[in-house]
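Structure, as structure tokens:
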Amino acid sequence: MLKVGGEGEEEEEVIIRIGVEKTLLNVEKLSKELGEFLSSLSDSEMLSPLQRAHSLFSLAKITNTLFSLKLRCRGLNPRSHPIHSQFERLRIYEGKIERVLEMAATEKKKKEEEDRNVKITQKRKFEEQSHGNVHQPILIDLSSDDDHDSYHM
């Protein structure tokens, strides 16, 4: 290796090499799990439509990021490459998906709160009904008219 700048450049090369090695390990890990991930996308019972859309968006974002990394490694600026328009499209879709996810989370919280309120209300009604307080005396007549007739015969 040709030394031009000294220690500063060597440290920079080490940092870059470590970053590339970490990225390579993550890509290898991703490639092992990619098949399972893709099969889960095709199974409609495994993911809801919203989860599937979010997963497909994540896959598109990963693909564009890897392609951008490839361009940078070749010395090209991704902002001057046609892929840049795809990054902009992804940002728009990311905003849309995030809004829908937030709406779904809010709706889920509202439903859980409503269910909890219904349970509390039912519990209160049950406690009031079975509290054990006797508000009025209950009279039970155990005598029967038939019993009196048999004695008189």
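The values are calculated or read from the model by the stated rules, or taken from the named source; none is laboratory data. Since this is a predicted model, take the numbers as computed values, not measurements. Heads up, the Cβs are rebuilt from the backbone with ideal geometry, glycines too, and the neighbour counts pull from every protein chain shown.
Please go through segment 39-74 and give me each residue that is over 14 Å from R89 (Cα atoms) and among the basic types (K, R), ordered by number. Matches in segment 39-74: R52, K70, R72, R74. Of all the numbered requirements in (1) in a helix (DSSP H, G or I); (2) farther than 30 Å from V20 by Cα; (3) among the hydrophobic types (A, V, I, L, M, F, W, C), L38 misses one, and that requirement is (2). The criterion of being surrounded by 10 or more Cβ atoms within 10 Å (Cβ to Cβ), modelled with pLDDT of 85 or more and either under 24 Å from the mean Cα position of the chain (by Cα) or not in a helix (DSSP H, G or I) (or both) does not hold for L50.
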